[in-house]
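The values are calculated or read from the model by the stated rules, or taken from the named source; none is laboratory data. Note that the structure is predicted; figures quoted are calculated from it, not measured. Quick reminder, even Gly has a Cβ in these numbers, built from the backbone with ideal geometry, and neighbours come from all protein chains shown.
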Amino acid sequence: MNWLQALLLGILQGLTEFLPVSSSGHLELGKALLNIEADNLTFTVVVHGATVCSTIVVFFQEIKQLFIGFLEFKWNTSNQYLVKILISVFPVLIVGLFFEDFVESFFTGNLVFVGSMLFITALLLALTHFAKLKKIKEIKYFDALIIGIAQAFAVLPGISRSGATIATGLMLGKGREEVARFSFLMVLVPIIGINVLDIFSGKLQHSAVGILPLIVGFVAAFFSGWLACRWMINLVKRSKLIFFAIYCLLAGLIAIIIGF
């Protein structure tokens, strides 16, 4: 992988991690178009780490308040919110522990499958546009579990994590800003956990990617992720997800055509 490929994939990762268009699906498409045959775990960890950093920057005040509330060691709103985040992690944790090999079997460059999953993402986003939603703001514990289940399905390439979780939250009748906030904060735990496990498991010892592409990829993913995260929050508030539904539909068609 050269620095230009790293730049393009870093930008792609940063944008699609937060926009509801499936980062995994687009990375599969990107690797196919750039003729990158094998996925490199080190590069994947680096660019995901960059998007974690961008999330922390965007939600720094919220994370700070949660941390301060946690240090009070009381059953306050901060700790209740943290428990909801932990509940949302359980489904994807189960998938990671018991179905890892099964999930990895879908990351083989099968663009027909990716396109089909993009159709599902498009359907979910379209439902949020046409459904009559309530304006209940607070996310309950059961809501957190349902949104977590949606996140677990999003491990498949082509199903957008942010799209699935935000769409699910909106269809549960939750407030748009609150759903977007919860969706972006809940992903921090699994991504950080996966990256830490990969680092300490020794999987990153043998990297085919040089230091320059890793740096370029990190910087590109960080800044594009920061922009996409802020942009996505505003789009959710303005109910503009239908445009991404159309985009995912078109991207799915392209993926299927290329796959055939």
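Being among the small types (Gly, Ala, Ser) and at positive phi is the filter here, so list the residues in the stretch 52-111 that pass it.
Gly109 - this is the single residue of the stretch 52-111 that is among the small types (Gly, Ala, Ser) and at positive phi.
Conditions first: (1) under 15 Å from the mean Cα position of the chain (by Cα); (2) buried (at least 17 other Cβ atoms within 10 Å of the Cβ); (3) modelled with pLDDT of 90 or more. Tyr81 passes all but one, so which condition is the exception?
Answer for Tyr81: the failing condition is (1).
Listed residues Leu15, Leu97, Leu19, Leu82; which is in contact (Cβ under 8 Å) with a residue 60 or more places away in the chain and either of a type in the set (D, E, K, R) or more than 16 Å from Gly217 (Cα to Cα) (or both)?
Leu19
Tell me, which residue of the stretch 215-260 that is of a type in the set (A, V, I, L, M, F, W, C) and in contact with a Lys or Arg (Cβ under 9 Å, 6 or more places away or on another chain) is surrounded by the most Cβ atoms within 10 Å (Cβ to Cβ)?
In this case the residue turns out to be Val236.
Could you please find all residues in the stretch 131-167 being within 14 Å of the chain's Cα centre (by Cα) and not small (Gly, Ala, Ser)?
Matches in the stretch 131-167: Ile147, Ile149, Gln151, Phe153, Val155, Leu156, Pro157, Ile159, Arg161, Thr165, Ile166.
Where in the stretch 1-111 are the helices (runs of 4 or more DSSP H), entirely inside, with at least 3 residues that are among the charged types (D, E, K, R)?
The helices (runs of 4 or more DSSP H) meeting that bar are 100-104.
When the stretch 235-260 is examined, which residues are found to be over 20 Å from Val114 (Cβ atoms) and at pLDDT 85 or above?
Ile242, Phe243
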